[in-house]
Amino acid sequence: MRHALKTISVVVTVAGTMLATTTGCGTSDDPSSPITIGALASLTGNDGFPAEDATKTAQAVFDRVNKQGGINGRKIQFVVKDDATNPGRASQAVRELLAQGAVAFAGDATIVGCAVNSAYYKQQSLAVVSAVGVDPVCFNSPNIASVNVGPFTSITANLYFASETLGHSKLCNFVQLTPGGQAAYTAAVTRWEKATGKKITINDDSIQPSSDLTPYLLRAKSAGCEAVVFNAAQPQVVPMVKIAKAQGMQNVDFLFLGVSYTEGVARALADLKDMKVYAGSEFEPYTDDTEANRDWRSLAESIGVAGSSFSQGGYVAAQTMVEVLKTIKGDITRESVTAALKTLKPISNPMTGTPFTWGDATSHAPNQAVKMVKLEDGAWKTVTPDFVVVPGADG
Amino acid sequence: MPLLLSTTIAGLAAGAAYALLGLSNLLTYRLAGVANFTQTAVGAFGAFTMVALNDAGVPLPVAVVTGVLVGAALHTAVGGIMVAWFAEGRQVVKAAVTIMLFAAIVAFGNRVFGASTVGRFPDPFAGIAFHLGGVNITWTAVITTVLAVGATVGCVLFLGRTRLGLKLRALSERPTTAALSAIPAGGLALGVWAVGGAVTTLTIILVAPLFPTDYMSLSYLITQAFAAALIGGFRSFPLTLAGGFALGALGGLASSLTVVAQYRPAIPLIVILVVLLWSQRRARWEIT
């Protein structure tokens, strides 16, 4: 009995999926039917990853386009699937989105999705304009372009800012490894060394999530590091600065990545006024009320999403996708979106330092610039009015 | 001052924390008869309660006391489960139950406090006490060390010299016999759990600024607590104290040796293997 039920449920599921696939294919060419854009997001499974900020803002961009008449009269239907930060689910969710007729993805914010799905995207000639790329594959795949700078280029940018703008010669880079990231972290430092002709003083990727950071900081102090770059998130950045203060490292510049550019870090370190703390913002700094941020901010506020780089990523990715769709004459399909991207002219956005490109490249990392923010009196202040563009861009 | 020595000294501050947590773990094992995996998850829960209250504007002393009480209450609840259902269970069953409870408490704590939210732990003792071998020793490190040594002496005297200590030992070693000898078994055991929860919460509040201040990382300090207790053979308080300091010092030393730094989490295992081999050095095996 149980076996029979199981068989029936499998048959029903398979039939349902086939039906959905056929319907999806059938509608995508119909001029009156909506254009389906998918997004894969780690909405659950990691509380420290506000993927929803990205997808909600992307949704708001598409809603506005729809209100204004859509793309050549066709509405955009935005379908977001949660991958639950689980590789198996990430793989399944992409197949479901394709079955629903998605012609491209935009506004993705996934921790596991790029690595899991890159090969499938290629096989299905699906283009992904991701809002927040995390793992190296998000920046090194022929079918994915992330609009954020990402952790690897951010390290190069921080080192570049420390050596070229702050004028330091002894730089130390500490890395807490993320899955699959070791080679990319090493490459980030090598890229800085090639661009500047300088040598890193310490490059240590042995920091573990539960490490006591005191011995590492003593090492940095004894090596005479003038600037310390560290890729970790809030829970480790705060103790690092506190311990550094206890060890008398007030003369050292601490540079963190966009992941630490948060109100939480600013508040937690507000009392340590004599410490020099920087972070690299991957977009126009979200705490700034600038012209570049104006449209994004008013849109995000209208849907009740608080300012964050995730929300900015969702906005830029969705805006970019809209621009791409507008260039397509005729049917909008996976193939025509990919073809449009290949012949795309660079799309500038005032919120990013370098334009969005795709072309024939086998990998895409269009965003190669950060703005540095510095902690002053418990708030982040922008210290580079212009974007710091990393030289030697290959994206 | 050579770097190796200064990083080793720096590791001692974390070592004092490991020692205190190890002592608390050992106390629960010796007096309640449970190898308890939930200890630091419970302590972190109490500590984060303190942070949440303090963030909400509750004065620090009130927040600390409430946090400690929450830690004690939660630990007592865990103890209640162990006493009610597993008092006569085998060690392996009890340990497995606490592992399940650990997973549940961590999942719950992550939900309540956010898996990677920074706890804004107050750091009133961050000032420099003195300078030793190129390291600034903070008052936090001094206080933790004094507490660890004090707790060791206290535990040894309490168990060896007091009537209550004797009753508790009887209780953990022969619960049924102890109960038949008119020792209030359930109440005493729960008291031990409450004290363990309070001490662990207080320790985590004190040493949190040294570690990544998210709920998950603080919960995983249990590995260091167990390692320290194992070095003490789950028997000796002084050896547990020494074990905690040894783990901290070796961790500090390893971080300045690039070749071994990546394997720092394996240090407790290596230390325990060495201790076990040393303690068994006079053992003789006969092959028949």
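Descriptive notes on the structure:
- Cut-off under 5 Å, modelled amide H: who pairs with A:PHE387 long-range: none
- Relative contact order, percent, region B:33-91 [alpha-carbon distance under 8 Å, six or more residues apart]: 40
- Between the amide H of A:ILE35 and those of A:LYS75, A:ILE76, A:GLN77, distances stay under 5 Å, these residues lying 5 or more places away or on another chain, with hydrogens modeled in the peptide plane.
- For the protein assembly as shown, the pair-distance distribution built from all alpha carbon pairs, in bins 20 Å wide starting at 0, is 17, 43, 30, 9, 0 percent.
- Order of B:HIS131, A:HIS168, A:HIS364, B:HIS75 - criterion: other Cβ atoms within 10 Å of each residue's Cβ, fewest first: B:HIS131, A:HIS168, A:HIS364, B:HIS75
- Taking θ as phi - 60° and the Karplus parameters 6.51, -1.76 and 1.60, the scalar couplings of region B:96-103 work out to 5, 4, 5, 5, 4, 5, 4, 4 Hz in sequence order, x denoting glycine and proline.
- Sequentially through region B:201-213, phi angles give Karplus couplings (6.51, -1.76, 1.60; θ = phi - 60°) of 4, 4, 4, 5, 4, 5, 9, 3, x, 7, 10, x, 8 Hz, Gly and Pro residues having no value and appearing as x.
- Normalising the average separation of contacting C-alpha pairs (under 8 angstrom, six or more residues apart) by the number of residues puts the relative contact order of chain A at 19 percent.
- Fraction of the pair-distance distribution of region B:79-196 above 20 Å, Cα-Cα pairs, percent: 65
- Charge dipole (Cα centre; +1 on Lys/Arg Cβ, -1 on Asp/Glu Cβ; no other charges) of chain A amounts to roughly 480 debye.
- Taken about its Cα centre, chain B carries a charge dipole of roughly 800 debye when the Cβ of each Lys and Arg holds +1 and the Cβ of each Asp and Glu holds -1.
- Residue mean of other protein chain beta carbons inside 10 Å, B:138-150: 1
- Seen from every direction in turn and averaged, the convex hull around the alpha carbons of chain B projects onto 18.0 nm².
- Highest average packing first - A:36-48, B:49-61, Cβ atoms within 10 Å: A:36-48, B:49-61
- Summary of the geometry: region A:50-111 and region A:194-208, compared by the centres of their Cα atoms, lie 38 Å apart.
- Two-site FRET efficiency, A:SER33 against B:VAL92, from Cβ-Cβ distance with R₀ of 60 Å, rounded to 0.05: 0.45
- Residues A:GLN124 and A:SER222, FRET efficiency given R0 of 51 Å [Cβ-Cβ distance, rounded to 0.05]: 0.45
- Cβ-based charge dipole, the protein assembly as shown, positive-most Cα from A:ASN293, A:THR320, A:THR196: A:THR196
- Share, in percent, of DSSP beta bridges within region A:131-248 that are antiparallel, nearest 5: 10
- Rounded to whole Å, sorted largest first: equivalent-ellipsoid semi-axes of region B:1-55, Cα gyration tensor: 28, 20, 7
- Per-residue ellipticity at 222 nm, computed for the protein assembly as shown from helices alone with -39500 (n - 2.57) per DSSP H run of at least four residues, works out to -18000 deg cm²/dmol.
- Signed unit charges on C-beta, dipole axis of chain B, positive-most listed residue B:VAL275, B:HIS75, B:GLN39: B:VAL275
- Dipole magnitude of region B:119-218 about its Cα centre (Cβ charges: Lys, Arg +1; Asp, Glu -1), debye to nearest 20: 460
- Two-decimal Rg to Rh for region A:116-180 - Kirkwood Rh, Cα set: 1.12
- In terms of overall dimensions, chain A has a Cα radius of gyration and Dmax of 22.1, 75 angstrom.
- Peptides ranked, highest mean first, by Cβ atoms within 10 Å: ranges A:128-134, B:25-31: A:128-134, B:25-31
- Look at the stretch B:251-257: the mean tally of other chain Cβ atoms within 10 Å of its residues' Cβ atoms is 5.
- Applying 1/(1 + (r/R0)^6) with R0 = 56 Å to the Cβ-Cβ distance of B:THR177 and B:ALA266 gives a FRET efficiency near 0.85.
- A simple rule links phi to the HN-Hα coupling: the Karplus curve 6.51 cos²θ - 1.76 cosθ + 1.60 with θ = phi - 60°, which for region A:278-292 gives 10, 9, x, 7, 7, 10, 3, x, 5, 7, 8, 8, 9, 4, 4 Hz, with x for Gly and Pro.
- Taking amide H atoms as placed 1.01 Å from N in the peptide plane, the amide H of A:THR382 lies under 5 Å from those of A:LYS374, each 5 or more residues away in sequence or on another chain.
- Listed by chain and number, the aspartates and glutamates whose C-alpha is less than 19 Å from the C-alpha of A:LYS345, apart from same-chain residues fewer than 8 away, are A:GLU323, A:GLU335, A:ASP360, A:ASP394.
- Space enclosed by the convex hull of the alpha-carbon atoms of region A:27-152, per residue, Å³: 95
- Taking a Cβ cut-off of under 9 Å around A:SER125, the surrounding Lys, Arg, Asp and Glu residues balance to a net charge of +1, with basic ones at +1 and acidic ones at -1.
- Shielding of peptide B:220-226 by partners, expressed as the average count of other chain Cβ atoms within 10 Å per residue Cβ, is 1.
- Listed residues A:ILE144, A:VAL65, A:TYR120: farthest to the positive end of the dipole of region A:23-147 (Cβ charges): A:VAL65
- Per principal axis, descending, Cα span of region B:131-265 in whole Å: 58, 28, 26
- Alpha carbon convex hull of region B:1-136, projected area averaged over orientations, nm²: 10.5
Only the coordinates and a few stated rules stand behind these numbers; no lab work does. For clarity, every value in this text was computed on a predicted model and none was experimentally measured. When we count neighbours, we look across all protein chains shown, and the Cβ atoms used for this are built from the backbone with ideal geometry, even at glycine.
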